[in-house]
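Some notes on the structure that comes next.
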Amino acid sequence: LHSFLPRLAMSSVTGTFSAQQPLNYRAGARVQPADGGQVEEVYEPATGRVITKLLCSGEKEVDLAVQSAKAAFKIWSQMSGMERCRVLLEAARIIREQREEIATLETINNGKSIFEARVDIDISWQCLEYYAGLAGSLAGEHIQLPGGSFGYTRREPLGVCVGIGAWNYPFQIACWKSAPALACGNAMVFKPSPFTPVSVVRLAEIFTEAGVPKGLFNVVQGGAATGQFLCHHPDVAKISFTGSVPTGIKIMEMASKGIKPVTLELGGKSPLIIFSDCALENAVNGALMANFLTQGEVCCNGTRVFVERKILDVFTKEVVKRTQKIKIGDPLLEDTRMGALINRPHLDRVQGFIKQAKEQGAQVLCGGDLYVPDDPKLKNGYYMRPCVLGNCTDDMTCVKEEIFGPVMSILPFDTEEEVVERANNTKFGLAGGVFTRDIQKAHRVVAALKAGMCFINNYNISPVELPFGGYKSSGFGRENGRAAIEYYSQLKTVCVEMGDVESVF
């Protein structure tokens, strides 16, 4: 991070960081946008401080970024897969080397614990390594036809791809989108969330340091208006978006005007099913992992926790006990396990869901209230105690809608058939989990779940080797795994005739 973030002791950075350098990145350098609309304040969730002001990119800046990517694409797309592999491996090496600084930057801008941020950065460099490994193996196939004629297919890049990221995993999402895109030979213009603009620019610098052509990965900053300019740009070949369902619908509509393919990774209200024959301690660990990572701000969280009635009391008691022990506070301290929510409006929204849940008959078993750390510099941060709701029913708002905060809803069930039907009774279909010692039942239940990412006796594990994405309103297309290659490349068929053309005319 060099000049961008001084090497300070982790605990002393909170409340001291400010970003002075430009947050746009174009043609291999940080730049101020050529044109811009409104100015957005960017906060440090832990303290409520403004750490920088964001200039939203206008139509001219978006066009300059796309043209920069288009020029770099001409060079990158002609390189061999092995050449691209070496550059991506070098980028992964730099990220691994600067893990601590990048994780610190992520924590300051996002509010999650440094413990979690380090895991995110590890997943990021692993993602680049994985797609570096695939870059050299991308190939079509040869098909023999009658009379010595033959056909073959070529897997070709799309061109300039747009990535639009979310604020909960800023650096990791940028890697999830850029690694397969670049491995396939594409260029990318990335727009992070205006809430978390800081760390993605560091990724752009790392790609340049690693040897990509200048302009191959550009960053534009801004909100909805900037996103619209990207989606409507005639030289953009594909859009990949992570975020909310309403925004995903708008992006799909805009992309349709230019017949651009889209990958949508949207919201969730995922079921976590705990059978009475589970290993209880493991199931409790799973429920905590499924609800409280990144302050509950995770799209695939298993927030509808269905517990078989036989163990409802013992499970609930243990979950409440463990939830109350979660260490909240300064996210840059090593022992903190829950930091601050992203901003004040979001904290207020989560609090509104809890208030409504109580009004509808749910019982707050623990947490749900605002938390003020002892450290005076954290008093304006966006903290709350993780919440467990009991006495929940399927028709409650807290059970039907995505809260995107540290709120777990516990629901009893009696039979396998009943719980599968209830688990699937949602417009979402991102994830689902099952805890049981009966392996046949586990596979039977996940086969019946209408969800794109399912977990058996674990939750929220996201190895880059496995495809990630949703069913139904949770979106389509896949990130990670070999599957992502399909969404960042296109197939060309070539038919070769070895004899004379037989004319029918």
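The values are calculated or read from the model by the stated rules, or taken from the named source; none is laboratory data. Not measured: the values here are computed from a predicted model. Glycine also receives a Cβ, built like all others from the backbone with ideal geometry; neighbour counts cover every protein chain displayed. Quick note on the areas: whole protein, heavy atoms, side chains included, nothing else; ligands and nucleic acids left out. Shrake-Rupley method; radii C 1.70, N 1.55, O 1.52, S 1.80 Å.
Label sites at V39 and A483, each approximated as a point 7 angstrom past Cα along Cα to Cβ, lie 4.4 nm apart.
Decide, for the stretch 125-229, between rounded, prolate and oblate: order the square roots of the alpha carbon gyration tensor eigenvalues as a ≥ b ≥ c, take rounded if a/c falls under 1.5, and otherwise choose prolate if a/b is larger than b/c, else oblate. Prolate shape, in that a/c is at least 1.5 and a/b is the bigger ratio. Taking θ as phi - 60° and the Karplus parameters 6.51, -1.76 and 1.60, the scalar couplings of the stretch 274-282 work out to 10, 8, 5, 8, 6, 7, 4, 4, 5 Hz in sequence order, x denoting glycine and proline. Sum up the charges of everything whose Cβ sits under 14 Å from the Cβ of V31, counting Lys and Arg as +1 and Asp and Glu as -1, but leave V31 out. Here the count lands on 0.
To put it simply, the accessible area of the chain at a 1.4 Å probe is 54 percent carbon and sulfur. Across the stretch 310-325, rounded Karplus estimates of 3J(HN,Hα) from the backbone phi angles (6.51 cos²θ - 1.76 cosθ + 1.60, θ = phi - 60°) give 4, 10, 4, 5, 5, 5, 4, 4, 5, 4, 4, 4, 5, 5, 5, 8 Hz, Gly and Pro being marked x.
By per-residue mean of other Cβ atoms within 10 Å, what is the highest-first order of 342-348, 368-374, 138-144, 289-295?
Answer by packing, highest mean first, reads 289-295, 342-348, 368-374, 138-144.
For the chain, the longest principal axis of the Cα atoms and the long axis of helix 245-257 meet at an angle of about 10 degrees. Summarising the amide proton neighbourhood of L466: residues at separation of 5 or more, or on other chains, whose placed amide H is nearer than 5 Å comprise G481. Under 26 Å of direct C-alpha separation, and excluding same-chain neighbours fewer than eight residues apart, K492 reaches these lysines: K70, K74, K177, K238, K257, K260.
Please report the relative contact order for the chain, taking Cα pairs under 8 Å with a sequence separation of at least 6, and give it as a percent rounded to a whole number.
18 percent
Close amide-amide hydrogen proximity is noted between V31 and N24, Y25, R26, each under 5 Å apart and 5 or more residues distant or on a separate chain (H modeled in the peptide plane; Pro and chain starts excluded). For the chain, the longest principal axis of the alpha carbon atoms and the long axis of helix 114-135 meet at an angle near 30°.
Think of a 1.4 Å ball rolled over the protein heavy atoms: the chain then has 40 Å² of accessible area per residue. For the pair L145 and R349 in one chain, pulling the backbone fully straight at 0.36 nm per residue adds 67.2 nm over the alpha carbon distance.
With the convex hull drawn over the C-alpha atoms of the chain, the volume per residue is 166 Å³. Near Y371, the amide H atoms lying under 5 Å from its own belong to Y383, M384, R385; only residues 5 or more places off or on other chains count, and H is placed 1.01 Å from N. Residue by residue, the stretch 168-182 carries 3J(HN,Hα) couplings of 7, 9, x, 6, 5, 5, 4, 6, 4, 8, 6, 4, x, 4, 6 Hz when phi is fed to the Karplus relation 6.51 cos²θ - 1.76 cosθ + 1.60 (θ = phi - 60°); x denotes Gly or Pro.
Shape analysis of the stretch 271-456 places it in the prolate category; the axes a ≥ b ≥ c from the Cα gyration tensor give an a/c of at least 1.5, with a/b above b/c.
Taking all protein chains together, V504, V407 sort by accessible area into V504, V407, largest first [probe 1.4 Å]. Charge tally around N110: other residues with Cβ under 10 Å, Lys/Arg +1 each, Asp/Glu -1 each, net -4.
Packing around the peptides 90-103, 122-135, taken as the average count of other Cβ atoms within 10 Å per residue, puts them in this order, highest first: 122-135, 90-103. Legend: distances between Cα atoms for K321/K427; K400/K472; K379/K400; pairs beyond 22 Å are K321/K427; K379/K400. Considering only alpha-carbon pairs that sit under 8 angstrom and 6 or more positions apart, the relative contact order computed for the stretch 24-266 is 26 percent. Here's the picture: a label point sits 7 Å out from the Cα of Y371 along the beta-carbon direction, and within the stretch 271-289 the residues with their amide nitrogen under 15 Å of it are 288-289.
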